[in-house]
Amino acid sequence: MKFKKGMAAIIAATLLTTGVSSATAYADTPAMHEPMPCYELLSSAVPMLAFEGSTAYCETAIDAEPSVVRISVVQKLQKYWGLWIWNDVSGASWTQTDNDSDLTILKSFNVSESGKYRTQVEITMTDADGTTETVTVYSKEIDVTI
Amino acid sequence: MEAYRQEFAEFTKGGEYRFSLRHRLKMRKVFQKYDNSKTIDLSISSKPKLRRRLMVALIIALTAIILTITVIGIITNGFRFVEHEDHTQFDAVDVMDYPTTIEEIYEPTWIPEGFEITELRDGKVLREVKYKKNNKHFVIRQYTKQNFLGYVDSQRYQTENISVNEYTVVYWQSDNVNKLYWDNGEYIISIFGTIAKEELIKLAESTKLKNVE
């Protein structure tokens, strides 16, 4: 009797957890999930980091809502120090501003140390009404050996 | 009655009885065996505890598996989607043995009437061509698969999988903009813009490897 109660508890817990998971994961139609808070002005961003030898290529494409009239981006190359701490690489910070609803920034930098790197991209968008939104995105992390 | 008490009082006057050494040794062996069997009995009575522990472990394992699947994300059409609090991240699943830089260019052979190129950006891992006509625009981008990581506002967009040529394209539609992403086997291609869905799909269908003259 106790064993049957236990199995019932397991099945209930599994169903409950699956129900929660299905609200956040999806297969063919992502729109089937429950609505969640979203970006106001940002539509999509693709921050990319690649290395060729010791040269880091920091390239990011940003698309905002058509109502956005100005995008300002601060892109930084960061190096992993440890203990979840990322340090900005000195000299590898770039700012670009465009009076449009999309922006692409293409930069490169020579690094001198091996380690794990990523780019941090801070995107500030302003629409015609003066509404401002700032979103920060990160590229994939790349291990570099020099 | 008094005589009865006096007679049996003789039996209570004696001290504690001491058994012989041989008897005591025999009984000690018996008691030791009894102590060992009590240990066995205890383990038998712990079966319900073992069952409870197994059930708890099973629940924890199932929950961990389900949470892991959720964190890893759902894979569809060559992309892995992971949903976060305010956005969805997606990247390419199959990234090994593909170009790590933009080596070959993919471009559309059909352009909607009246649109002209207003900007072209050639990066190492990202290439972009912008087209505009009046207040309409679209942007075609080509990304290397290894480095691709997209952030998209998943709540605002309705999503659909569409077959384009031999590929399955992820199509995102909102009130203001539409976009397509697909893995063409070598690179990730995207088209983003304020043009109609049919024009986006036609652009995707016409996007082919640029002939090098």
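The values are calculated or read from the model by the stated rules, or taken from the named source; none is laboratory data. Every value quoted in this text rests on a predicted model; they were computed, and no experiment measured them. Please note: Cβ atoms are built from the backbone with ideal geometry, for glycine as well, and neighbour counts cover all protein chains shown.
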Practice prompt. Look at segment B:91-118 and say how many of its residues are within 14 Å of chain A (Cβ to nearest Cβ) and outside any strand (DSSP E or B).
Written response: 8
Item to complete: Look at A:Thr97 and say whether it is in a strand (DSSP E or B) and surrounded by fewer than 17 Cβ atoms within 10 Å (Cβ to Cβ).
Response: yes
Item to complete: Name the one entry in A:Ile105, A:Ile85 that is farther than 15 Å from A:Val68 by Cβ and surrounded by 16 or more Cβ atoms within 10 Å (Cβ to Cβ).
Response: A:Ile105
Worksheet, complete the sentence: Filtering segment A:78-112 down to residues that are away from chain B (no Cβ under 14 Å), in contact with a Ser or Thr (Cβ under 6 Å, 6 or more places away or on another chain) and over 30 Å from A:Ala128 (Cα atoms) yields A:Val111
Worksheet item: Of all residues in segment A:34-77, which are modelled with pLDDT of 95 or more, within 17 Å of A:Val137 (Cα to Cα) and more than 9 Å from chain B (Cβ to nearest Cβ)?
Response: A:Cys58, A:Ile62, A:Ile71, A:Ser72, A:Val73, A:Val74, A:Gln75, A:Lys76, A:Leu77
Item to complete: Scan segment B:126-172 for residues that are farther than 19 Å from A:Val46 by Cβ and among the hydrophobic types (A, V, I, L, M, F, W, C) and report the count.
Response: 2
Practice prompt. Among what's in segment B:142-159 and is among the hydroxyl-bearing types (Ser, Thr, Tyr) and over 15 Å from B:Val95 (Cβ atoms), pick the residue that is modelled with the lowest pLDDT.
Written response: B:Ser154
Response to the item:
Filter segment B:134-160 for residues that are closer than 19 Å to B:His87 by Cα and in a strand (DSSP E or B); the one that is farthest from the other protein chains (Cβ to nearest Cβ) is B:Glu160
Fill in: Check on B:Arg121, on the phi < 0 side of the Ramachandran plot, assigned to a loop (DSSP other than H, G, I, E, B), surrounded by fewer than 23 Cβ atoms within 10 Å (Cβ to Cβ) and facing chain A (nearest Cβ under 7 Å)
no
Item to complete: Working only within segment A:77-94, note down all residues that are not aromatic (Phe, Trp, Tyr) and not in a loop (DSSP other than H, G, I, E, B).
Response: A:Leu77, A:Gln78, A:Lys79, A:Gly82, A:Ile85, A:Asn87, A:Asp88, A:Val89, A:Ser90, A:Gly91, A:Ala92, A:Ser93
Worksheet entry | Number of the condition not met by B:Glu160 [criteria: (1) crowded, with 17+ Cβ neighbours inside 10 Å; (2) within 19 Å of B:Lys197 (Cα to Cα)] | (1)
Discussion item. On the basis of being under 26 Å from B:Glu85 (Cα atoms) and of a type in the set (A, V, I, L, M, F, W, C), does A:Val144 make the cut?
Written reply: no
Worksheet, complete the sentence: Of the listed residues (B:Ile44, B:Ile69), the one being in contact with a helix residue (DSSP H, G or I) (Cβ under 8 Å, 6 or more places away or on another chain), among the β-branched types (Val, Ile, Thr) and modelled with pLDDT under 80 is B:Ile69
Discussion item. Can you tell me how many residues within segment A:103-131 are assigned to a strand (DSSP E or B), closer than 13 Å to A:Ala92 by Cβ and either touching a Leu at 6+ places or on another chain (Cβ under 9 Å) or hydrophobic (A, V, I, L, M, F, W, C) (or both)?
Written reply: 8
Item to complete: Please state which of the following conditions B:Val139 fails to meet, knowing it meets all the rest: (1) touching a residue at least 40 places away in the same chain (Cβ under 8 Å); (2) buried (at least 23 other Cβ atoms within 10 Å of the Cβ).
Response: (2)
Worksheet item: List pairs: first in segment B:97-117 and in contact (Cβ under 8 Å) with a residue 60 or more places away in the chain and within 17 Å of B:Ala204 (Cβ to Cβ), second assigned to a loop (DSSP other than H, G, I, E, B) and aliphatic (A, V, I, L, M), Cβ under 7 Å, 6+ apart or cross-chain?
Response: B:Pro112/B:Ile195
Worksheet entry | Hey, B:Glu85 modelled with pLDDT under 90, within 38 Å of the chain's Cα centre (by Cα) and part of a loop (DSSP other than H, G, I, E, B) or not | yes
